[in-house]
1. Please give the number of the condition residue B:39 fails out of (1) outside any strand (DSSP E or B); (2) within 13 Å of chain A (Cβ to nearest Cβ); (3) within 28 Å of residue B:90 (Cβ to Cβ).
2. Go through the residues of region B:228-250 one by one and say whether even a single one is surrounded by fewer than 18 Cβ atoms within 10 Å (Cβ to Cβ) and within 14 Å of chain A (Cβ to nearest Cβ).
3. Return only the number of the condition from (1) farther than 14 Å from residue B:7 by Cβ; (2) away from chain A (no Cβ under 14 Å); (3) without any contact (Cβ under 8 Å) to a residue 40 or more places away in the chain that residue B:86 does not satisfy.
4. In this structure, does residue B:109 turn out to be touching a helix residue (DSSP H, G or I) at 6+ places or on another chain (Cβ under 7 Å), within 20 Å of residue A:51 (Cβ to Cβ) and at pLDDT 95 or above?
5. Looking at B:64, B:135, B:140, which one is at pLDDT 95 or above and within 13 Å of chain A (Cβ to nearest Cβ)?
6. Only residues that are within 14 Å of another protein chain (Cβ to nearest Cβ) and outside any helix (DSSP H, G or I): list them for region B:143-175, please.
7. Of everything in region B:52-66, what is in contact with a strand residue (DSSP E or B) (Cβ under 6 Å, 6 or more places away or on another chain) and in a loop (DSSP other than H, G, I, E, B)? Give them in sequence order.
8. Quick check on my filter: what residues within region B:67-99 are in a loop (DSSP other than H, G, I, E, B) and either more than 16 Å from the chain's Cα centre (by Cα) or at pLDDT below 95 (or both)?
């Protein structure tokens, strides 16, 4: 699967789960895995760090 | 066999570790994304797959807090409880509760407008550390060393004027070694601790690059951690302490959705396993 932003190849591990974040190795864009069915993976733009994020 | 539900909004290493440990302990474990879960006032517990107990692990504090209130509405046991999350998520509420329970904590000043905070700071004297009442990972934590810095910071707050910007939380700057101590408590029991060394500035947040190093839990640390956990209402917490050159150990923060992936690599006890076992036992009581 390629990065929707810069078209670089995204490395999505086979054991990645829905909800995990993958980052583009070239442009740095973050994507969240929204659906995964075997090798079919759907991505959505990951949320950016919010004011209330953390521990 | 019990069923544990781990509620997340961003699946991090910690949530995956908890899921793995729950499975390895022979429990049924589910991961649930809070962002796609819908609840209404007619909802029932049976409508969802929350299992016997929920570990609320959202990275967004407000999302996690409000999700927790929904779970408690549905009578689903959740860790941490709403009241604990509510207090620990707000530095002012937390500090007041620490002090109320005679737990040594830095002297902290509260003002409710920039003018009042400026008047107090000039009276008390520089430096003081300003911290947002809501927020984490050291964001917005700044030492106010002189009047120019204070005026710049306060002016920015007056311009942004978010509700929490009107609450001024100013704390004494503690003389200490360039590190602090994080103790993880599970059910009022300290299970692991680490030193978090500053990477140069005065902040010691691991999220900012502070180097974690295993710390042996002394009797004093244990007593303070237990007392702090009980004061907040228990559950799974991260107690932060500083070594004040004059006063000894002081507790400056108690964290609600504790991060532990760094400490888990070096701790003697299995942190996610302890958390799962505590959660299961919590509902068996």
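1. All conditions pass for residue B:39, except number (2).
2. no
3. Tallying (1) farther than 14 Å from residue B:7 by Cβ; (2) away from chain A (no Cβ under 14 Å); (3) without any contact (Cβ under 8 Å) to a residue 40 or more places away in the chain, residue B:86 fails exactly one: (2).
4. Values: touching a helix residue (DSSP H, G or I) at 6+ places or on another chain (Cβ under 7 Å): yes; within 20 Å of residue A:51 (Cβ to Cβ): no; at pLDDT 95 or above: yes.
Criteria not met by residue B:109.
5. Working: B:135 fails: at pLDDT 95 or above; B:140 fails: at pLDDT 95 or above.
Just a single option satisfies the conditions, and that option is B:64.
6. Across region B:143-175, the qualifying residues are B:161, B:162, B:167.
7. Across region B:52-66, the qualifying residues are B:52, B:57, B:59.
8. Here is the first cut: in region B:67-99, the residues in a loop (DSSP other than H, G, I, E, B) are B:74-77, B:80-81, B:89-90.
Listed by number, the residues that qualify are B:74, B:75, B:76, B:77.
The values are calculated or read from the model by the stated rules, or taken from the named source; none is laboratory data. Computed from a predicted structure; not experimentally measured. We place every Cβ from the backbone using ideal geometry, glycine too, and count neighbours over all the protein chains shown.
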